[in-house]
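Here the structure comes first, spelled out in structure tokens, and everything after it is commentary.
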Amino acid sequence: MQLINGKEISMQIKDELKVKVEELKKEGKEVTLAVILVGDDPASAVYVGNKKKACEYIGINSLSYELPASTTREELLSLISKLNNDEKVNGILVQLPLPKHINEDEIIKAIDPSKDVDGFHPENVGRLSIGQKGFVSCTPAGVIELLKRSGISIEGKNCVVIGRSNIVGKPMAMLLLRENGTVTITHSRTADLKSVTSKADILVVAIGKPKFITADYVKEGAVVIDVGIHRMENKKLCGDVDFDDVAEKTSFITPVPGGVGPMTIAMLMKNCVESVL
């Protein structure tokens, strides 16, 4: 069993991007990311702080808009419109979740697809599904990088994704397909989940239930990627996979924390840099 170290791999990517940003600056090109945070969700505030730190490290300018929870739909749309039209801004990111009175779909659709560094705009999702170039959702893109940089070949492998969300499950399946994996998507309504997952060479788990996947779901020698993150009552973090139960059965596995998590921000930074190229 080998641990896939997301911290190390995300650092490699950030260092590569740092060099790229320095080269762009020599050509007189700056990279600027605008981050909008509405309300005071503590987890969102932590994510936004981490994104700012990553921007600083790589040399990306970051503009921060921290708006009260009482912000109206019109005010938010007006700010997005202003950023869409600002030539200096390359990437726009609206931190989710938004307060209940604002429709997330409407806000995502309002972002210019060429500045949608989160890869959530329907146009970018559509591009991914038909194999065209566009921004890809950061977490699934990070999973692909983890596999590639760990020397794990996807081509011809039996890949099973647990979860069908628009942010992870669906784009994950498309990306594995793009790498010539044979892909099965499973979810809460899948009959006899164990019989499907236990045939997977590569198992990507994004089910949103702590320690749900135990050893009997996993094939001997499989690669297991755990996208979930939960805080337990003892304040410790865990994933959707019961790590202690599953680890010995795998050839490669991601830990939680320190696996997929750091990759999400690294891929966001990659999307920001690519928005200029």
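Laboratory data are not the source of any read-out in this text; all were calculated from the coordinates shown. The shown structure was predicted, so the numbers you read here are calculated from the model rather than taken from an experiment. FYI the Cβ positions are ideal-geometry reconstructions off the backbone, even for glycines, and counts take in every protein chain you see.
Applying both filters, DSSP loop and at most 16 other Cβ atoms within 10 Å, to the GluC sites (Glu not before Pro) of segment 116-164 gives Glu155. Highest mobility in the GNM of the chain, judged by mean-square fluctuation with C-alpha springs under 10 Å and restricted to Arg73, Arg231, Arg178, is found for Arg231. Annotation: extensible slack from His230 through Thr190 equals 12.1 nm (criterion: 0.36 nm per residue apart, minus Cα-Cα distance). Within the listed set Glu75, Glu248, Glu56, the Gaussian network model of the chain (springs between alpha-carbon atoms below 10 Å) gives the highest mean-square fluctuation for Glu75.
Seen from Glu8, the other residues with C-beta closer than 15 Å to its C-beta sum to a net charge of +1, counting Lys and Arg as +1 and Asp and Glu as -1. Other residues lying with their Cβ under 12 Å from the Cβ of Leu93 contribute a combined charge of +1, Lys and Arg counting +1, Asp and Glu -1. Per residue of the chain, the DSSP helices (runs of n ≥ 4 H) give a summed -39500 (n - 2.57) that works out to -12000 deg cm²/dmol at 222 nm.
Considering only Asp244, Asp15, Asp226, the Gaussian network model of the chain with Cα springs below 10 Å gives its largest mean-square fluctuation to Asp244. Computed about its Cα centre, the charge dipole of the chain is approximately 240 debye, with only Lys, Arg, Asp and Glu carrying charge at their Cβ.
Excluding Asp192 itself, calculate the net charge of residues whose Cβ lies under 13 Å from the Cβ of Asp192, where each Lys or Arg counts +1 and each Asp or Glu counts -1. Charge balance in the 13 Å sphere: +2. Close amide H contacts of Val31 (hydrogens built in the peptide plane, cut-off under 5 Å, sequence separation of 5 or more or a different chain): Asn61. For segment 28-112, a crude dipole built from +1 on the beta carbon of Lys and Arg and -1 on the beta carbon of Asp and Glu, taken about the Cα centre, is about 220 debye to the nearest 20.
Pairs exceeding 19 Å between alpha-carbon atoms, taken from Lys170/Lys236; Lys18/Lys52; Lys53/Lys211; Lys14/Lys235; Lys88/Lys115: Lys170/Lys236; Lys53/Lys211; Lys14/Lys235. When +1 charges are put on Lys and Arg Cβ atoms and -1 charges on Asp and Glu Cβ atoms, the dipole computed for segment 138-261 relative to its Cα centre reaches about 360 debye. The residue list Ser251, Ile60, Asn5 was ranked by how far each Cα lies along the charge dipole of the chain toward its positive end, using unit charges on Cβ atoms, and Ser251 comes out on top.
Here the gap between Phe212 and Val19, fully extended at 0.36 nm per residue and compared with their Cα-Cα distance, gives a gain of 65.4 nm. Projected over every direction and averaged, the convex hull enclosing the alpha-carbon atoms of the chain yields 14.7 nm².
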